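Inspection log for the structure reproduced underneath, given as structure tokens.
The values are calculated or read from the model by the stated rules, or taken from the named source; none is laboratory data. If you're wondering where the values come from, they're calculated on a predicted model, not measured in any experiment. Here the Cβ positions follow ideal geometry from the backbone for every residue, glycine too, while neighbour counts run over all protein chains shown.
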Ligand code: CA
């Protein structure tokens, strides 16, 4: 992928660029918000790695302006410790993922690769599909077999995380962190409640289950059961 890093900590920026270059990506770096925005607009990369605290224009402003011109550009934001509010604002403003500083370089590389797969698989990132379940991310609409399914904003977010990477198993903790920006183990009960609600809405009237419980691990959405999932015995006629 062609990646633009907008980060004013030059040492960190250098580490990031070297690590991602080693994985075959083409890197470009800017250290100023306004200059970085201009670079992204004039020669759009596949992914922007965006620090939030930047000179001349902060990262959130850069992100907001990027989103006005491109919804499909992938953006991963970097947030310093204690910037939880910013992280939430960043995700609301349209970031695809975030990483808190300090982070392990392996973690960054893994996130970047995941974002790359997400982009490569979908013709349009605005529409996610798993079987006959369709999600229009931009319009916040979900339909199964052509029938619209109303979801609350949180239900939508949980389903979106699952649908962005079909077949991948998400632990309850990870879902909790991705959707609620919390990582407390005890909050995972909330995830179970939302999964139950989603199943009622997207599966009950349609027969074929899509959300699979992967024992002791978490949940995955897919047309076929992922490894480790034992499907329930079908009722006898
Ligand atoms: Ca900074």
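At a glance:
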quantity	calculated
The stretch 46-58 - residue that is under 20 Å from the mean Cα position of the chain (by Cα) and crowded, with 20+ Cβ neighbours inside 10 Å and, of those, nearest to residue 8 (Cα to Cα)	51
Some residue of the stretch 46-68 being assigned to a helix (DSSP H, G or I) and within 16 Å of residue 178 (Cα to Cα)	no
Where residue 71 falls short, out of the listed (1) within 20 Å of residue 164 (Cβ to Cβ); (2) touching a strand residue (DSSP E or B) at 6+ places or on another chain (Cβ under 8 Å)	(2)
Cβ-Cβ under 8 Å pairs, at least 6 apart or on other chains, the stretch 144-164 side on the phi < 0 side of the Ramachandran plot and assigned by TED's automatic domain parsing to the domain that holds residue 220, far side part of a strand (DSSP E or B) and surrounded by fewer than 17 Cβ atoms within 10 Å (Cβ to Cβ)	148/141; 149/143; 163/129
Residues located in the stretch 2-24, provided they are free of Cβ contacts under 8 Å to residues at least 60 places away in the same chain, within 16 Å of the ligand (Cβ to nearest atom) and outside any helix (DSSP H, G or I)	4, 5, 6, 8, 9
Tally, over the stretch 138-167, of residues that are surrounded by 14 or more Cβ atoms within 10 Å (Cβ to Cβ) and closer than 25 Å to residue 70 by Cβ	12
Test: residue in the stretch 139-152 that is modelled with pLDDT under 85 and out of contact with any helix residue (DSSP H, G or I) (no Cβ under 7 Å at 6 or more places or on another chain)	yes
Any hit, the stretch 79-101, residues being under 18 Å from residue 137 (Cβ atoms), assigned to a strand (DSSP E or B) and in the same structural domain as residue 10 (by TED's automatic domain parsing)	yes
Residue check for residue 110: under 27 Å from residue 179 (Cα atoms), away from the ligand (no atom under 16 Å from the Cβ), part of a helix (DSSP H, G or I) and not assigned by TED's automatic domain parsing to the domain that holds residue 161	yes
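Conditions (1) closer than 17 Å to residue 105 by Cβ; (2) within 16 Å of the ligand (Cβ to nearest atom); (3) over 21 Å from the mean Cα position of the chain (by Cα), marked per residue:
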residue: 26; (1), (2), (3): no, no, yes
residue: 37; (1), (2), (3): no, yes, yes
residue: 40; (1), (2), (3): no, no, no
residue: 60; (1), (2), (3): no, yes, no
residue: 63; (1), (2), (3): no, yes, no
residue: 72; (1), (2), (3): no, no, no
